[in-house]
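The block underneath contains the structure these notes are about, expressed in structure tokens.
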Amino acid sequence: MIFISALALGACARTPHQPAEVRAPVARSTEPPAKHPPVVVALVVDQLPMWMAVERWKTLPATGGFRKLLVEANAIAELHHGHAFNATAPGHAALFTGGPAHTSGVTANGKLDARGTYESFLADPTAHIVNATGASDRTSSSIASLKAATIADSLKHARPGATVISLSMKDRGAIFGGGRTSDATLWFDSTSDAFVTSTAFAASVPAWAAPIATPGAAAKYRTEAWVPLDPKWLAANTDLPAPDLGQGDFHGLGKKFPHDIAKAAKPAKAFVATPFADKMLLDAAILAVDHVAKQSEPALIAVSLSSTDYVGHMFGPDAPEAWDQMLRLDAELARFFAHLDEKLGKDGYSVVLSADHGVPSTPEVMNQGFCGRPDADKYERRCEHAVRMRGSELAKVAEDAVDRAVGSGEWVLGYVEPFVVFRPATRALPKDKLDAAVAAVAQSIGALPTVARAVDVRANPATCPPAKDESLDALVCRSIHGGTGGDVFVVPKPGCFVDAEYVEGDGVNHGTPYLFDRAVPIIVRAPVDASVQLQETMPSLEDRAIVDQRAYAATIAALFGIEPPEAAIGGADLSKR
Ligand SMILES: [Zn+2]
């Protein structure tokens, strides 16, 4: 914590507080400043690749949230994440700090405990779940594993009276947006069937959040079956009923429409993979907006929308479910933006929307849709005979390799994306034997037809190439942080991935360095002067300027008129036209 505080202070100490330098876009406004202090809504759509935004947003209705955001935007760009393992925790840490995994220390979504059992990367045995009835005995998550300052930390430092609220269906979606001293960091807990926080952040949930943090609060979002919102629109864009696209059956939710959550084996768990979870999350965000509207200080409201990710994982991004998810999210965002207009005024808030990572099509789609083409498309999608790998198989290959190299034993604790993890006794081997073990694992896994590269974590340089270097070497370097996470870093070939095991053997996963996983949109909408007529046509997303992940926190800092966190310094400022 001392190290972290020094980082945060260091970032601020370099440049003393400056007056707000960011105004509404010059082309639009000569009006006095906004009546409310800056309110920035930092949206993250979990699993929103640039390829999907380019191909699908143009099909969305004129009344939707994405169109409103694009029409009102002062900047639309393509954001390239700077690390090779593109997943939720590293991606959110990158957006909110500006730093890739090498800098943030957040190298993975999960880690293995001493017995090799998977747990959240953010799991903290000293932290406990807190819902509206108080703290429970169940352990929870904290921000202790983050090694860099966040934009929320910068805001709290520069404007101590500011309000910071962060919301997501996932702990790893909420925690980085809230930073170290948020007013509320809340995520969904299926056991409580409600939003919760952790004792690492607060002893209780704030009163304004009671409607979504009272145990059982999510039940009212599951009263209807999930069916297509607009069957005609869906039929125009997809094949209904869909052929076998690799869809999985998540907790009894079923592979095809209709999805009756009430009939699922575990409704509170299946809930997250439906658009109704985003509806609950945006209801929570509306409560947050109403709360900050009463304050007279700046506010950051971070909202990470998780349903798109879960739906993509279970059904694949080409399934009718994924299309319907986007249409329903679009409608929910329209409702949310209308509430912002009403409560804060069009000139009273900003929105910065981006994504933590993208996604490829399922192997079933990739192997048909992209075979026969001579080259990859601009998002590196191509036929590579995509295959789902299993983490347990990678662990077995690694164990056998070490057995051959240094003798029979129990050497490998397991595989947790993106790492092969050695047991402590393996790491304690004499240097020559450890070197031989690592080399054997890298050689055996690297030789698999599904693997592009297997890298010795210990050999990673202390300093990685700058953000403009998007070579595989640079991306891999920026995915590794000391010995955090594991021992051998595994890069799949394009289209191949390690099964997320939400539904074993079905669905899809991300987590690779290719542009289908690494390139996402970033849309910035600074306060809008209501008297200015905006162009009504939907701007194209094609061929947009490319920025790196620092742009997200750097732009939010500029909207507040404060210094960005240290890892975001030098990032593109998209707050002006
Ligand atoms: Zn995901």
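The values are calculated or read from the model by the stated rules, or taken from the named source; none is laboratory data. From a predicted model like this one, the values you see are computed outputs, not experimental measurements. With ideal geometry, Cβ positions are generated from the backbone for all residues, glycine too; neighbour counts draw on all protein chains shown. Protein only, heavy atoms only, side chains kept; ligands, DNA and RNA dropped before computing areas. Shrake-Rupley method; radii C 1.70, N 1.55, O 1.52, S 1.80 Å.
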Within segment 309-319, residues being more than 9 Å from the ligand (Cβ to nearest atom) and open to solvent by 10 Å² or more (accessible area, probe 1.4 Å) number 1
Give me a count of the residues in segment 95-127 that are within 16 Å of the ligand (Cβ to nearest atom) and in contact with a His (Cβ under 6 Å, 6 or more places away or on another chain). 2
Could you count how many residues in segment 115-135 are in contact (Cβ under 8 Å) with a residue 40 or more places away in the chain and open to solvent by 40 Å² or more (accessible area, probe 1.4 Å)? 6
Screening Gly252, Gly246 for residues that are open to solvent by less than 30 Å² (accessible area, probe 1.4 Å), at pLDDT below 95, of a type outside the set (A, V, I, L, M, F, W, C) and part of a loop (DSSP other than H, G, I, E, B) leaves only Gly246
Odd one out for Val351 among (1) of a type outside the set (Phe, Trp, Tyr); (2) away from the ligand (no atom under 16 Å from the Cβ); (3) over 28 Å from Glu119 (Cα atoms); (4) open to solvent by 10 Å² or more (accessible area, probe 1.4 Å): (4)
As an exercise: evaluate Asp469 against (1) assigned to a helix (DSSP H, G or I); (2) closer than 24 Å to Leu79 by Cα and give the number of the one condition it does not meet. (1)
State whether one or more residues within segment 495-517 are modelled with pLDDT of 95 or more, more than 16 Å from the ligand (Cβ to nearest atom) and touching a Phe, Trp or Tyr at 6+ places or on another chain (Cβ under 7 Å). yes
For the structure I just gave you, tell me whether Arg544 is basic (Lys, Arg) and closer than 19 Å to Met52 by Cα. yes
Could you run through segment 430-445 and say how many residues are open to solvent by less than 30 Å² (accessible area, probe 1.4 Å) and not polar (S, T, N, Q)? 7
Tally of residues being assigned to a loop (DSSP other than H, G, I, E, B) and within 13 Å of the ligand (Cβ to nearest atom) across segment 68-91: 3
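What strands (runs of 3 or more DSSP E) lie completely within segment 92-191 and have 3 or more residues being over 26 Å from Val292 (Cβ atoms)?
Ranges flagged: 110-112, 118-120, 123-131, 134-141.
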Hey, could you check segment 483-502 for residues that are touching a His at 6+ places or on another chain (Cβ under 8 Å) and part of a loop (DSSP other than H, G, I, E, B) and say which is nearest to Val451 (Cα to Cα)? Gly495
Test: residue in segment 519-533 that is within 16 Å of the ligand (Cβ to nearest atom), buried (at least 23 other Cβ atoms within 10 Å of the Cβ) and more than 19 Å from Ala73 (Cβ to Cβ): no
